[in-house]
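Encoded as structure tokens, the structure appears first; notes follow it.
The numbers here are math on the coordinates, done by the rules we state, and not lab data. All values derive from a computational prediction rather than experimental measurement. FYI the Cβ positions are ideal-geometry reconstructions off the backbone, even for glycines, and counts take in every protein chain you see.
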Amino acid sequence: MIEKERKKIFVVDDDEINNFVTSKLLTQYNEDYQIVTYSDPVEAYAVLDKTKAGEEGLPDIILLDINMPNMDGFEFLAKMKALGISDKIQVIMYTSSMQKDNKEKAKTFPNVVGYMEKPFSAQAYARMMELSYRY
């Protein structure tokens, strides 16, 4: 029997409650997702840096908050680009920030495929996930 490939999703948000809720919503949408949450963007980046050579360890998609301590979402995206993995991982920015500048800045990163504002529903997740995966 061939095992179905599981989509790996990193959720990077300094708010652990948001990480928990996001994980539950994504699992509700598709129980086959392999979801890994990080409340520290530096830790999430370290994992990407460590696994960049072995692409099987990289996530398919990252849900990335913008406003976080130690490293904001845009710094995270710039570091991904410097690692040379931006073309391998799609990113959906998700934030409570209503600043129009953030949305425009997110568009300057080619691997950002979506932008969502918190709070959001399971239906919003489902639609964003459907749009984000390239077939």
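Could you calculate the contour length gain from ALA78 to LYS107, that is, 0.36 nm times the residue separation minus the distance between their Cα atoms, to one decimal place in nm?
Details: separation 29, 0.36 × 29 = 10.44 nm, distance 1.30 nm.
Stretched out fully, the ALA78 to LYS107 stretch lengthens by 9.1 nm.
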Given a Förster radius of 22 Å and the C-beta distance between LYS50 and ASP15 as r, what FRET efficiency does 1/(1 + (r/R0)^6) yield to the nearest 0.05?
0.35
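Which whole-number percent gives the relative contact order of region 8-132, counting Cα pairs below 8 Å spaced six or more residues apart? The partial results should precede the final answer.
Numbers: 186 pairs, mean separation 30.2, N = 125.
Once normalised by length, the contact order is 24 percent.
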Here FRET efficiency (C-beta to C-beta, ASN67 to GLU31, R₀ 35 Å, nearest 0.05) is 0.70
About its Cα centre, how strong a charge dipole does region 8-132 have in debye, to the nearest 20, once Lys and Arg get +1 and Asp and Glu get -1 at the Cβ?
360 debye
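Translational D (Stokes-Einstein, µm²/s) of region 8-132 at 20 °C and 1.002 mPa s when Rh comes from the Kirkwood sum over C-alpha pairs?
On the way: Rh = 14.4 Å.
Calculated translational D: 149 µm²/s.
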